[in-house]
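A.B. asks: Below: one structure in structure tokens.
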Amino acid sequence: MMDADLEDGILGPYQDRPRTFPVMRSKSYTPLVLRILMRINVRVLLVLLFLGLGGLVYIGARTSPIILFVFSVCIISFLFAIYLTKWVLAKDEGPPEMVQISEAIRDGAEGFFRTQYGTISKMAFVLALVIFVIYLFRTMSPHQESLGRAASAYITVASFLLGALCSGMAGYVGMWVSVRANVRVSSAARRSAREALQIAVRAGGFSAIIVVGMAVLGVAILYATFYVILGVDTPGSMKVTDLPLVLVGYGFGASFVALFAQLGGGIYTKAADVGADLVGKVEQGIPEDDPRNPAVIADLVGDNVGDCAARGADLFESIAAEIISAMILGGTMAKRCKIEDPTGFILFPLVIHSFDLVISSIGILSIRGTRGAGTLIEDPMAILQRGYSITIVLAVITFGASTRWMLYTEQAPTAWLNFALCGLVGIMTAYAFVYITKYYTDYKHEPVRTLALASSTGHGTNIIAGISLGLESTALPVLVISVAIVSAFWLGHTSGLVDETGVPTGGLFGTAVATMGMLSTAAYVLTMDMFGPIADNAGGIVEMSQQPESVREITDLLDAVGNTTKATTKGFAIGSAALAAFLLFSAYMDEVASFSNTPFNQVDIAIPEVFVGGLLGSMLIFLFSAWACSAVGRTAQEVVNEVRRQFIERPGIMEYKEKPDYGRCVAIVASASLREMIKPGALAIISPIAVGFTFRWLGHFTGHPLLGAKVVASMLMFATVTGILMALFLNTAGGAWDNAKKYIETGALGGKGSDCHKAAITGDTVGDPFKDTAGPSIHVLIKMLATITLVMAPVFL
């Protein structure tokens, strides 16, 4: 907490007072794992490291040379990430006032992270116990009979807990780098805009490489370990084509943590942001991130726990879910087509994401600093886009080479070419999503400028224009995703791969390959996403430490670009979530057919109960979104009341004669966000299980044994479709409102402090829970619904 003398002391006029910041540090937080490692002797650590590497080489060699390749690329990419970290941390932190602000943000973020993940881990252990009990008493599928009930239960629970742990670590990595890079970007902005851009990109790149590398390495280690322990492909044991099915727990664990991380972090960041803006900007007329605003530290902490930690966990589970679903579909297709060596089709997703690490690293390194000081010579968005274009070109080359290497089979010699084209469809879809989202959220384009113009006639017209823009923005992405799914399915279907009866079987795998294509540049896209909150924090530190206006102009420009990159990443995440959910849905139908020994390849919504399941799925999305937004609203009300109280009770705050109590606002949003994240999160987990159980018993009494599974399939299908549209609307509308405000702040339409600006702030506060709480949580939700139904499928029969 703050020192009493700074809390109550008279600090003198603004210009005369020393630029110091209250010491808010309590004590530095280091995770338990790191504390244990730091106490171990360096030589012992090196021995353990070599033993670990030796273990990886051993299980890799026992499994497949492809696994060894994946391990090698992941380890090299981790070394590259360490290089990026050392490069970023070698940069100076600037003057003492910047360092003190940064330390306050760091402590707030790490304190909340510790409490939030403590709560999530307790819930994860309870759910793991429930899964264990269910698996001990559930129906066995043919591929699990070789394992036995107990082994199947232990494997699923271990996978679930490992997925949850890795997802949490991905979130921590995202936050760890952002709270250290923000002050270095602020300091660099005093010298050169290009240097500030480069530091923010490389800091985001570190986080992205670690997150993607962990997702790939986690699945690869799990696959290789189970391959060796279970003696896969030996007489009387599990077949390699069935092995990916035991990994679904990993995806569920990752989704579980990502959902609560996104909800808790989103409620925290947007409640603080809304509270700070409504009282600070609108009522008091002070600038954004002004040190007089009691909620400013909570707002800056929120950028890290909401945008960095939560997005790291979100993209981690996206990649994990997509890899596992594609491995399942690859194994299923290889089994149906009687392919002699199915390893290539199963391990293909791991190779694609290994190449993603390589090409994204090249894209990150392509963004260089310049020696020139002052403003940027070119638009930062153009610099980032150029890096993305380099990554896209390399992705096309590596994807084509990978399909020839992994997917060539004598049964259909040209199939690999069809699958390479599927990958190209996915890569083009990703680029289209990024461009469409940029068009609707960047203030260089007409939609945002039209929205800003609507602010000139009042608050109401701003809201109407923002909602209509969000609704319109769903059309193009849906058309793109529709073309992508149909094209990829058709290319796979005509690949020449057929089953014993001559029926083409490559359609679904073609869609899986398109999803891999879309996510083949995931590390670079996540880099652009992490760039946003780091630039936002840097701007806050510059404002709070009263740097010259020219420095704030640089950070404002980077912040506006960061808003666009965050919006484009969300568009990218929705597109990949749509494709991944389609794959997981197909995997669910395959698993139900396997358990029930009856064909299950279509869902008939003309059956009343199945139609009701669809309605419940759509309703779930709306109810979840409502609870997420209302959680932000309630918490923001507490912040608004607290900020108003401080301005009334401490009138000296506005004259810089008294210090605001920043810690009080941090405590309010931290406790409220942890309390509020439970209800929507529990709704997402309990709903599909409750619906499945209810209709299973109804089917039992009415003589329809598959009714529970069919209703859950319908619920999943409708929830996915509704969720994609809702997330597109929420994310784009929120991003557009934010950048319309930023556009006016550049001096357009009256500039800062004008009535037009105040109307734009209202739109921005409405859009805050849309784009940073409800919207991003929905892409996690639709994938978690798919993984939870896959894990619980036997219970619905």
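Just so you know, all these numbers are worked out from the coordinates, no wet-lab data involved. Remember, it's a predicted structure, so these values are computed and weren't measured experimentally. Here the Cβ positions follow ideal geometry from the backbone for every residue, glycine too, while neighbour counts run over all protein chains shown.
A.B. asks: So which chymotrypsin sites (Phe, Trp or Tyr not before Pro) in segment 704-770 end up in coil per DSSP with only 11 or fewer other C-beta atoms within 10 Å?
C.D. replies: Details: sites: 718, 729, 737, 743, 770; in loops: none.
Those that pass, being in a loop and sparsely packed, number zero.
A.B. asks: Cα gyration tensor of segment 276-430, axes a ≥ b ≥ c as square roots of the eigenvalues: rounded (a/c below 1.5), prolate (a/b > b/c) or oblate? If you can, show how the numbers build up before the last one.
C.D. replies: On the way: a/c = 3.97, a/b = 2.08, b/c = 1.90.
Judged from the Cα gyration tensor, segment 276-430 comes out prolate (a/c at least 1.5, a/b above b/c).
A.B. asks: Moving on to the next point. If you stretched the chain out fully between residue 612 and residue 341, how much longer would it get, using 0.36 nm times the residue separation minus the C-alpha to C-alpha distance? Can you show the working numbers first?
C.D. replies: Details: separation 271, 0.36 × 271 = 97.56 nm, distance 4.33 nm.
Going from the current span to full extension adds 93.2 nm.
A.B. asks: Follow-up question, since we're still on this one. For the pair residue 754 and residue 154, how long in nm is the line joining their label points, each one 7 Å along Cα→Cβ?
C.D. replies: 7.0
A.B. asks: Rounding to the nearest 10 and keeping the result within 0 to 90°, find how far the Cα-based axis of helix 707-745 lies from the longest principal axis of the chain.
C.D. replies: Long axis of 707-745 versus the principal axis of the chain: about 30 degrees.
A.B. asks: Within segment 323-430, list the chymotrypsin sites (Phe, Trp or Tyr not before Pro) lying in a DSSP loop whose Cβ has at most 11 other Cβ atoms in a 10 Å radius. It would help to have the intermediate numbers written out before the result.
C.D. replies: On the way: sites: 345, 355, 388, 399, 405, 408, 416, 419; in loops: 408.
Those that pass, being in a loop and sparsely packed, number zero.
A.B. asks: Could I ask something else about it? Counting pairs of Cα atoms in the chain, how many percent are more than 54 Å apart? The partial results should precede the final answer.
C.D. replies: Values: 29321 of 317206 pairs.
Here the tail beyond 54 Å accounts for 9 percent of pairs.
A.B. asks: Right, here's the next one. Between segment 84-109 and segment 408-482, how many Å separate their Cα centres?
C.D. replies: 36
A.B. asks: Just from its helices, what would the mean residue ellipticity at 222 nm be for the chain, if runs of 4 or more DSSP H residues each count -39500 (n - 2.57) and the sum is divided by every residue, rounded to the nearest 500 deg cm²/dmol?
C.D. replies: Details: 25 runs with 599 residues, N = 797.
Computed ellipticity for the chain at 222 nm equals -26500 deg cm²/dmol.
A.B. asks: Continuing with the same structure: For residue 76 and residue 233, what is the calculated FRET efficiency with R₀ set at 30 Å and r taken between the beta-carbons, to the nearest 0.05?
C.D. replies: Values: r = 29 Å, r/R0 = 0.98.
According to the calculation, E is roughly 0.55.
A.B. asks: Would you mind checking 281/679; 710/783; 566/742; 338/710; 657/742; 438/783 for any pair whose Cα atoms are more than 20 angstrom apart? Display every interim value, and only then the final one.
C.D. replies: Working: 281/679 31 Å; 710/783 18 Å; 566/742 15 Å; 338/710 29 Å; 657/742 30 Å; 438/783 24 Å.
In this structure, 281/679; 338/710; 657/742; 438/783 exceed 20 Å between Cα atoms.
A.B. asks: Between exposed GluC sites (Glu not before Pro) in the chain, where DSSP calls loop and at most 10 other Cβ atoms lie within 10 Å, what's the longest gap?
C.D. replies: On the way: sites that count: 340, 378, 410, 500.
Maximal segment without exposed cleavage sites: 1-339.
A.B. asks: From the square roots a ≥ b ≥ c of the eigenvalues of the alpha-carbon gyration tensor of segment 52-137, which class results: rounded (a/c under 1.5), prolate (a/b over b/c), or oblate?
C.D. replies: Working: a/c = 5.32, a/b = 1.25, b/c = 4.26.
Judged from the Cα gyration tensor, segment 52-137 comes out oblate (a/c at least 1.5, b/c at or above a/b).
A.B. asks: Continuing with this model, one more query. Compute the FRET efficiency between residue 83 and residue 702 as 1/(1 + (r/R0)^6), taking r as their Cβ-Cβ distance and R0 = 56 Å, and round to the nearest 0.05. Mind showing how you got there, number by number?
C.D. replies: Details: r = 63 Å, r/R0 = 1.13.
The value I calculate is 0.35.
A.B. asks: Could you tell me the relative contact order of segment 535-612? Use alpha-carbon pairs under 8 Å, at least six residues apart, and round to a whole percent. Intermediate values should be presented prior to the final figure.
C.D. replies: Values: 28 pairs, mean separation 14.7, N = 78.
In percent, rounded to a whole number, it is 19.
A.B. asks: Determine which lysines satisfy two conditions relative to residue 335: a Cα distance under 19 Å, and not lying fewer than 8 residues away in the same chain.
C.D. replies: 239
A.B. asks: Nothing charged except the Cβ atoms of Lys and Arg (+1) and of Asp and Glu (-1): what's the magnitude of the dipole of the chain about its Cα centre? Round to the nearest 20 debye. Please list the in-between numbers first.
C.D. replies: Working: 56 positive and 62 negative charges, 249 e Å.
It comes to approximately 1200 debye.
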